[in-house]
1. Taking a point 7 angstrom from the Cα of Lys90 along the C-beta vector, which residues in the stretch 129-166 have backbone N less than 13 Å away?
2. Distance cut-off 24 Å, Cα to Cα: go down the list Lys318/Lys347; Lys91/Lys227; Lys106/Lys289; Lys251/Lys318 and report the pairs above it.
3. Let's see if you can work this out: charge +1 on each Lys and Arg Cβ, -1 on each Asp and Glu Cβ, no other charges. What is the dipole magnitude of the stretch 254-349 about its Cα centre, in debye to the nearest 20?
4. Over all alpha-carbon pairs in the stretch 254-349, figure out the percentage whose distance exceeds 15 Å.
5. What does a probe at Leu336 reach in the stretch 274-295, counting residues whose amide N is under 14 Å from the point 7 Å along Cα→Cβ?
6. Once fully extended, how much extra length lies between Lys62 and Ile116, figured as 0.36 nm per residue of separation less the alpha-carbon to alpha-carbon distance?
7. When only C-alpha pairs under 8 Å and at least 6 residues apart count, what is the relative contact order of the chain, in percent?
8. Averaging sequence separations of C-alpha pairs under 8 Å and six or more residues apart, then dividing by the length of the stretch 154-220, give the relative contact order as a whole percent.
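Please treat every number below as a calculation from the coordinates, not as lab data. All of these numbers come straight from a predicted model, not from anything done at the bench. Cβ placement follows ideal geometry from the backbone for every residue including glycine, while neighbour counts extend to all protein chains displayed.
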Amino acid sequence: MTKVHNFSAGPAILPQEVIQSCIDALQNFENTDLSLIEVSHRSKEFVSVMGEACHLVKKIMKLGGDYEVIYLQGGASTQFLMTAMNLLEKKAAFTNTGTWAKKAIKEAKAFGNVDIVGSSEDKNFSYIPKDFDISDDYDYFHCTSNNTISGTQMQTFPECNVPLVCDMSSDIFSRELDFTQFDLIYAGAQKNMGPAGTTLVVIKKGLLGNVTRYIPTMLDYNTHISKDSMFNTPSVFAVYGCMQTLRWIDKQGLATIEKLNTQKADVLYNEIDNNDLFEGTTAVEDRSKMNITFVLKDDSRNEDFLSACADANISGIKGHRSVGGFRASIYNALGLDSVTALVNVIKAFK
Ligand SMILES: *Cc1c(COP(=O)(O)O)cnc(C)c1O
């Protein structure tokens with residue numbers, strides 16, 4: 001097999017050893033001589049996978065017994081409505097920082113009042129709004145830590161006296177953070193932690209139970225918490241893949257992972273900034289270290305650049321259809337060698 005440099009935004013690159021473990025488990029899961037995808041989710045082998053997948057999240061995030069960890073289906077997109085259905089009684093505060101935030105806002109509006117306390121829509125979501133006021137009478141504040149499409153990332157989170165809810169789909173486990181500042185974190189697995197098909201939700205105890213509406217069983221966080229994510233059949237393959245990725249993350253530690261992510265982002269932004277033909281599309285101080293967005297100043301040459309990338313076995317560089325240009329997603333599992341390969345193509349492009 002030729003090495004392809006995988007810059008896909010999601011589903012995205014996973015560590016080779018995680019993929020190998022998944023292949024092994026598909027053939028023979030934990031020496032059962034059965035495949036991972038043909039055994040009961042209530043077998044002791046799979047119950048142990050789920051247990052470890054939850055335990056490692058808390059360990060890596062340095063969270064204590066006051067947090068619950070669950071794995072759900074329906075993607076981060078279902079969390080847009082579940083967070084609101086479970087938490088929104090009267091009004092919530094949101095930041096509008098891009099496509100995903102907008103979708104979260106749309107769903108929340110079905111359950112209560114939504115105030116946009118910060119927005120970067122005026123400049124096509126090219127920056128992170130700051131210094132906004134979150135008064136104490138909101139049920140919660142919702143933000144998106146990393147804007148996968150526009151390529152911006154929150155470097156700090158506002159101090160507020162209301163629960164902090166965060167969509168971390170595209171930068172979860174990419175950096176050290178004080179995770180205890182969050183009351184609810186959710187992330188679709190397929191960007192930075194595993195195969196598509198499961199969504200991680202981390203919830204601080206005591207957060208739930210404050211809304212008066214009926215919450216349908218499957219959409220009630222308490223259902224899944226009380227059954228250890230096994231109320232119904234979980235996405236066994238995806239959870240297994242997450243567990244393997246979490247082992248890989250835990251072995252290195254978030255500090256090491258963050259250091260490499262910073263180095264990769266620096267190398268790429270540096271070339272974009274110093275190359276006359278290209279330019280970045282986001283405010284420098286809000287640049288994402290996960291999704292690096294850039295354009296050719298002369299966009300009539302876009303196809304030439306994409307074919308130069310293809311010739312160098314670089315995949316997944318085309319920007320999201322809503323913004324155009326280019327996007328290099330450099331998630332945890334992408335090596336510096338792949339970033340260097342891209343930088344060499346950018347350098348050679350004349
Ligand atoms: C990809 C993405 C989503 C949507 O995830 P799904 O699992 O496909 O529903 C939501 N939020 C962010 C920030 C994303 O990057």
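1. Residues 135-140 fall inside that zone.
2. Lys91/Lys227; Lys106/Lys289; Lys251/Lys318, as the Cα separations exceed 24 Å there.
3. On the way: 10 positive and 14 negative charges, 62 e Å.
The dipole magnitude comes to about 300 debye.
4. Numbers: 2646 of 4560 pairs.
Cα-Cα pairs of the stretch 254-349 separated by over 15 Å account for 58 percent.
5. Counting backbone N atoms under 14 Å from the label point, the list is empty.
6. Numbers: separation 54, 0.36 × 54 = 19.44 nm, distance 3.08 nm.
Once the chain is fully extended between Lys62 and Ile116, it gains 16.4 nm.
7. On the way: 664 pairs, mean separation 81.4, N = 350.
Relative contact order of the chain: 23 percent.
8. 25 percent
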